[in-house]
1. Looking at this structure, is residue 24 assigned to a helix (DSSP H, G or I), modelled with pLDDT of 95 or more and exposed (fewer than 10 other Cβ atoms within 10 Å of the Cβ)?
2. How many residues does the stretch 28-60 contain that are more than 19 Å from residue 5 (Cβ to Cβ) and either more than 10 Å from the chain's Cα centre (by Cα) or outside any helix (DSSP H, G or I) (or both)?
């Protein structure tokens, strides 16, 4: 995955994980993830990282 490609989709991946995408952006992201194994891998890594951080952060 190229640097420009990564930069273009990085914010969307974070928004996807945080459930912050609107309906159209969500649909675009889902279609993109179906066609782009690199972004799907990146999403999986981000999700694992987010889960690990959640386990390390004490509950308030």
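1. Criteria met by residue 24.
2. Matching residues across the stretch 28-60 total 13.
The values are calculated or read from the model by the stated rules, or taken from the named source; none is laboratory data. Just so you know, these numbers come straight off a predicted model, no measurement behind them. Neighbour counts run over all protein chains shown; Cβ positions are idealised from the backbone, glycine included.
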